[in-house]
Amino acid sequence: MFHIFGLAFILALTGAIAPGPVLVLVIGQVLARGISAAFFIMLGHALLESLLILGLARGMKNLIADRRVRSVLGMVGGLVLLWMGWDLFHQPGVMKLSGNGVEAISGVKLVLAGIGVSLSNPYFTGWWATVGTGQVASLKLKSVWDYSIFFIGHELGDLAWYLFVAVMVAAGRGWLEGENYRIVMKVSAVIILLFGGAFLILSIGLLIKRKVNVKT
């Protein structure tokens, strides 16, 4: 249980740190209406991901029982994590906390915005098509409880980062700007690279083990 939760939390947290449209939406709306905006946006994001995880649970449960399928999915997920980590490490890491001209919108619209911005982001859909399925396969999630723990860990990882950003923005502090944000991104990139390498090694080992078992 702790293994599933911890891995889902850390990967979600480090992945969320990469700048993207959700981050822009959170910063703008927190400046416009306060910290509560982050919760509404994350609620929309979580609702969308709950459907994706439900789809994985229902549609892939029997498929990923095959060791070969788990190996392939794990290797693809590992390679994508390595690419993500490498790309994040070489990004400039510049964050501008500006909300000039941003209009505050209602809670319901923020939930819908969280869904829409996430769904329209190629990075989001690409992550779930590769890393997300790779995680599910590598962790060998089976029961409703396993998937629930995975979902909770993932959403809390996202929420931890965006709530941190919201507090910093609402407090009027520039701590996340400049060199500090670059350091956070570099550390996150290294963690993602380590997880990517671990996914790849474990998945290759799983495939080799299968071949040995077949021969014997």
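Assorted remarks:
- Qualifying residue in region 35-58 (condition: over 20 Å from the mean Cα position of the chain (by Cα), modelled with pLDDT of 85 or more and outside any loop (DSSP other than H, G, I, E, B)): yes
- A residue that is on the phi < 0 side of the Ramachandran plot, crowded, with 21+ Cβ neighbours inside 10 Å, modelled with pLDDT of 70 or more and not acidic (Asp, Glu) occurs somewhere in region 97-112.
- Which listed residue, of VAL26, VAL94, VAL30, VAL76, is more than 20 Å from PHE151 (Cα to Cα), modelled with pLDDT under 80, of a type outside the set (Ser, Thr, Tyr) and surrounded by 14 or more Cβ atoms within 10 Å (Cβ to Cβ): VAL76
- Pair list, Cβ under 6 Å, 6 or more apart: region 158-172 residue within 12 Å of PHE39 (Cβ to Cβ), other residue surrounded by fewer than 17 Cβ atoms within 10 Å (Cβ to Cβ): ALA166/ILE35
- Test: PHE195 is modelled with pLDDT under 75 and either in a helix (DSSP H, G or I) or more than 24 Å from GLY78 (Cβ to Cβ) (or both): yes
- Per-region count, region 127-174, residues over 18 Å from VAL24 (Cβ atoms), modelled with pLDDT of 90 or more and within 13 Å of the chain's Cα centre (by Cα): 9
The values are calculated or read from the model by the stated rules, or taken from the named source; none is laboratory data. Since the model is a prediction, treat every value here as computed from it, not as a measurement. Here Cβ is always computed from backbone atoms with ideal geometry, including for glycine, and neighbour counts include all displayed protein chains.
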